[in-house]
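A short worksheet on the structure shown next.
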Amino acid sequence: IDLIALDEAMQSLEKVDPRQAKIVELRFFGWLSIEETAFILNVSESTVRREWTFAKAWFQRELSNSF
């Protein structure tokens, strides 16, 4: 993984949607479950699932464009 591209993608996502960036941070880097992430962010589990799915697709697009 290109760590610079990953960091740039995280910064871009944070500008677009700070909550989704936090979900990525907690799920990907913090290894938290959907339930734990929802509890920490005080949102529903379905919100975390939906935004996690969107964020993964967003990252895939962003990182594929960087190569």
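Over the chain, Cα pairs under 8 Å with separation of 6+ residues give a relative contact order of 33 percent.
Please report, as a whole percent, how much of the solvent-accessible surface of the chain comes from carbon and sulfur atoms (probe radius 1.4 Å). Walk me through the numbers on the way to the answer.
Numbers: 2630 of 4650 Å².
Carbon and sulfur: 57 percent of the exposed surface of the chain.
With every protein chain left in place, what is the accessible area per residue of the chain in square angstrom, probe 1.4 Å?
Spelled out: the 1.4 Å probe surface of the chain, per residue, equals 69 Å².
Rounded to the nearest 20, the Cβ-based charge dipole of the chain about its Cα centre (Lys and Arg +1, Asp and Glu -1) stands at 200 debye.
The values are calculated or read from the model by the stated rules, or taken from the named source; none is laboratory data. Keep in mind that what you see is a predicted model, and the values were worked out from it rather than measured. Using ideal geometry, Cβ is built from the backbone for each residue, glycine included, and neighbour counts are taken over all protein chains shown. Note: accessible area is taken over every heavy atom of the protein model, side chains too, but ligands, DNA and RNA are not part of it. Shrake-Rupley method; radii C 1.70, N 1.55, O 1.52, S 1.80 Å.
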